Amino acid sequence: MRISLPHPAGRDGYVFILALAAIAALALILAGAYAVQRVSSDGAAELLSQTRLEGDLRSAQVTALYVLLTAPRDDTTVNYGGVANPDIFEGGLIEVGDAINARGEPRRIEINGRTIIIRLISSQGLIGLDPDDPRKARLFLEQAGLDPAEASRLAARLGDYADGDDLRRLGGAERADYPEGREPANAPLRLAREICAVPGWDVFPLCAEDPRLMDLYFTITPGASSHPAFLPDHVQNLLFSDAPGLARLRQAFAPAVSNFADLGLDGWDAVNQGEFGYGPLGSEFLILTHEPQAGLVLAAQIRLTPGDIASPYQTTFDFVIGGVRVEQEFGLTDADELEVFPVPEPPSN
């Protein structure tokens with residue numbers, strides 16, 4: 001007996017459709033695998049790129065630290081290549097060298113083919129908020145636009161946050177006034193960003209954006225004074241939001257600023273200058289390193305300890321920060337016009 005089979009030509013369309021479906025499914029699988037692999041590769045490349053950038057920023061920071069440790073300083077500048085007067089009573093410099101001002105003057109260096117900006121900022125150029133002296137906080141808050149009563153309340157809360165007792169100052173806040181899960185430190189502040197934990201201060205724009213920004217604008221060292229000659233641009237922008245104020249400030253900087261009253265900050269001189277008036281360049285600095293566009297900024301606060309041979313400096317904080325405010329405050333449009341930051345020559349054999 002003979003069995004008749006369907007002619008193959010009758011199944012051509014069916015087989016073709018199945019083949020197309022298999023190819024499409026395989027293509028989808030391959031596309032998905034490629035997308036996952038590409039996302040993974042792009043993420044790894046981005047991470048590697050950022051890691052390399054941070055490494056270059058740290059290399060620039062080390063260069064700046066070396067200059068701080070080795071170059072002589074006069075009243076307002078760090079003088080790379082300068083020669084200090086050996087007569088300690090006479091003081092000053094015999095040769096000035098390359099004078100780098102300590103109010104955030106941007107300078108550039110090349111590291112691994114990348115342009116890096118270095119800024120040296122004296123901590124005396126930051127806004128002093130000493131909890132032991134509420135007048136400093138009150139004057140700043142009034143300058144920022146708060147009415148005197150509210151400024152006094154927030155200054156009292158800052159004092160209550162840092163002191164070691166449970167006695168509430170007038171308008172202040174102690175443990176019972178804090179929301180659940182929060183409480184005053186009842187200890188001296190270690191970093192300016194801790195101010196953001198004080199009730200009322202947490203709505204301050206810098207705290208709302210990133211509390212670490214506070215470390216770039218304020219100093220909380222007990223007894224430290226702010227010096228009008230060292231105000232960097234970003235601190236000026238915080239103190240003076242109006243154009244006339246900034247114009248007055250920069251005009252006053254023509255030779256040098258001798259007091260805050262010339263800048264329109266009435267009352268600041270009385271609380272910010274020391275017993276003997278404004279002193280010379282201090283030993284605490286911010287070192288900021290970043291690319292010209294300032295997408296990331298490496299910030300470090302350094303305290304020089306020249307009397308300690310084993311530890312010639314101490315690092316208070318060291319972190320990388322970004323964001324819109326950072327880019328606006330530190331970004332540069334044309335880094336080629338900047339002075340070059342001096343790079344130490346390697347020792348000869």
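Karplus couplings for the range 260-271 from phi (6.51 cos²θ - 1.76 cosθ + 1.60, θ = phi - 60°), rounded to Hz, Gly and Pro as x?
Using θ = phi - 60°, the values come out as 6, 4, 5, 8, x, 9, 5, x, 6, 4, 5, 9 Hz.
Quick one: angle between helix 148-162 and the longest Cα principal axis of the chain, in degrees between 0 and 90, rounded to 10, please.
The helix 148-162 is inclined about 80 degrees to the chain.
Treating the angle as unsigned and between 0 and 90°, give the value, to the nearest 10°, between the Cα long axis of helix 134-143 and the longest Cα principal axis of the chain.
So the inclination is approximately 60 degrees.
Which label belongs to the value computed from this structure, given these candidates for volume of the Cα convex hull per residue in Å³: [x] 307; [y] 245; [z] 176?
Checking each listed value against the structure points to [x].
Using unit Cβ charges (K, R positive; D, E negative) and no other charged atoms, how large, in debye to the nearest 20, is the dipole of the chain about its Cα centre?
The calculated dipole for the chain is roughly 1560 debye.
Can you tell me the length gained on complete extension of the stretch residue 308 to residue 270, counting 0.36 nm per residue apart and subtracting the Cα distance?
Extra length from residue 308 to residue 270 when fully extended: 10.4 nm.
Which net charge results when you count Lys and Arg as +1 and Asp and Glu as -1 among the other residues whose beta-carbon is under 12 Å from that of residue 151? Can you show the working numbers first?
Details: positive: 135, 136, 138, 153, 157; negative: 142, 147, 150.
For residues surrounding residue 151, the net value is +2.
Give me the dipole magnitude in Debye, nearest 20, for the range 73-214 about the Cα centre, with unit charges on the beta carbon: positive for Lys and Arg, negative for Asp and Glu.
It comes to approximately 400 debye.
What net charge do the residues around residue 295 carry, taking every other residue with its C-beta under 15 Å from that of residue 295, with Lys and Arg at +1 and Asp and Glu at -1?
-4
Amide H neighbours of residue 84 under 5 Å, at least 5 residues apart or on other chains, H built in the peptide plane: list them.
Amide H neighbours of residue 84: 94.
Go through the range 334-342 residue by residue and turn each phi into a ³J(HN,Hα) via Karplus (6.51, -1.76, 1.60, θ = phi - 60°); whole Hz please, and just put x for glycine and proline.
Karplus-based 3J(HN,Hα) across the range 334-342 equals 9, 6, 5, 7, 7, 5, 7, 6, x Hz.
Mind giving me the nanometre distance, one decimal, between the label points for residue 23 and residue 334, set 7 Å out from Cα along Cα→Cβ?
5.8
Tally Lys and Arg at +1 and Asp and Glu at -1 over the other residues with C-beta under 15 Å from the C-beta of residue 91: what net charge comes out?
-4
Is the shape of the range 192-349 best called rounded, prolate or oblate, per the rule: a/c under 1.5 gives rounded, else a/b larger than b/c gives prolate, else oblate, with a ≥ b ≥ c the square roots of the Cα gyration tensor eigenvalues?
It comes out rounded by the Cα gyration axes.
Nearest 10 degrees, 0 to 90: what angle lies between the long axis of helix 243-252 and the longest principal axis of the chain (Cα atoms)?
The angle comes out at about 50 degrees.
A short reminder: the numbers here are calculations on the coordinates, not readings from a lab. Note that the structure is a prediction, hence the values are computed from the model and not measured. Backbone-built Cβ (ideal geometry, glycine too); neighbour counts: all protein chains shown.
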